[in-house]
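Values in this text are rule-based calculations from the coordinates and carry no lab data. Every value quoted in this text rests on a predicted model; they were computed, and no experiment measured them. When we count neighbours, we look across all protein chains shown, and the Cβ atoms used for this are built from the backbone with ideal geometry, even at glycine.
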Amino acid sequence: MSMNKEKLRYLGINLILFAILYLSVTFNKEYIRPVYGSAPFLGVLTGSFSNFMAAFIISLFPLAPLLGKKTEINKGRKIFYSIAFLVFLLLTLEEIMPFTGANKVYDVYDIIASGIGALLAIIIFEIIIRKKRKASAT
């Protein structure tokens, strides 16, 4: 596959991920949160959903290029973990000291949701790596 087609494929995958992020956060904000936002447990989940999805989806952005370029596993792992941590750190800083205007109220549950989202992305990365190792071993 030529380099331009490869870059377009990675861009396409990341655009799909971004669309999933945008649509899920918008659907939550417009339809789910207004109905369940005042419920004690569900209110926390619907309120922190956007942080979870942002950390999860944005952390997955480097997945396709890392796997497509057949990056050495340990190097790919360092890159992926670093990006997931950076995403978590930026979302946490945004929660503590808003700098984009997206956040208006400090909420510790948003920080927890961001951590869970980044951690889930790492777990998915590890699952994919293990499956690739098994497939290449056979």
Using 24 Å as the Cα-Cα cut-off, could you pick out the over-long pairs in LYS5/LYS69; LYS75/LYS134; LYS5/LYS78; LYS78/LYS131? LYS5/LYS78
Below 8 Å, C-alpha to C-alpha, sequence gap of six or more: please give me the relative contact order for the chain in percent. 28 percent
The range 39-74 residues near the modelled LYS132 label - backbone nitrogen below 17 Å, point 7 Å along Cα→Cβ: 59-74
What do you get for the angle between helix 73-96 and the principal long axis of the chain? Use alpha-carbon atoms, 0 to 90 degrees, nearest ten. 20 degrees
Using alpha carbons only, how many angstrom separate the centre of the range 4-55 from the centre of the range 78-138? 14 Å
ILE32 paired with LEU89, simple spin-label distance in nm, labels 7 Å along Cα-to-beta-carbon: 2.9 nm
Mean residue ellipticity at 222 nm from the helices of the chain, using -39,500 (n - 2.57) per DSSP H segment of n ≥ 4 over the full residue count, to the nearest 500 deg cm²/dmol? -27000 deg cm²/dmol
In the range 1-102, what chymotrypsin sites (Phe, Trp or Tyr not before Pro) fall in a loop by DSSP, with at most 10 other Cβ atoms inside 10 Å? PHE99
Nearest 10, in degrees from 0 to 90: the angle of helix 108-137 to the longest Cα principal axis of the chain is 20 degrees
Could you tell me what a quarter of the Cα convex hull surface of the range 3-137 works out to, in nm² with one decimal place? 9.5 nm²
